[in-house]
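Scroll down for the structure; my scribbles are underneath it.
Rule-based calculations on the coordinates, nothing more; no lab input. Owing to the predicted nature of the structure, the values given are computational and were not obtained by experimental measurement. Cβ placement follows ideal geometry from the backbone for every residue including glycine, while neighbour counts extend to all protein chains displayed.
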């Protein structure tokens, strides 16, 4: 590989780094807001039906006369899932715990394969820069909520097929579908 191409690749990569950090900060803020909204929807859903909602950080409850629903929030490390919610119904109901993954709407599932030749490295660097610029100029990330069966909840979301799984635009819509008022 000639040194001019090496320098061009280095310049492109140097431009991509700060853009990716800006997008990561923007994504983290959007994830935090979406989690906060999901918790508010949990509390609102149950308090409208006469339950008492309480909790903080990553564990919330909705209780009524000894019956308690528990919402636990876990950070996930899956390639697609940004957050994982566990909804645990009262033991007396004998219902399974539900796991819901929060994923970005319209997220692509596969990455481009890596190539080693010089033209591909340059094209990859140019593509990465274009994608970083496009990500920053696009609207704020939006999320949806995917219900995963409990026996599959331990698998990374990339391993779970998203088609054929219930998907909701809001956490509140998920709650209404499972526990209507």
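The protection proxy used here, the mean number of other Cβ atoms lying within 10 Å of each residue, ranks peptides 168-177, 19-28 as follows, highest first: 168-177, 19-28. Two numbers describe the Cα atoms of segment 1-106: Rg and Dmax, which are 21.1, 74 Å. Put in order of Cβ neighbour count within 10 Å, fewest first, the listed residues 6, 100 become 6, 100.
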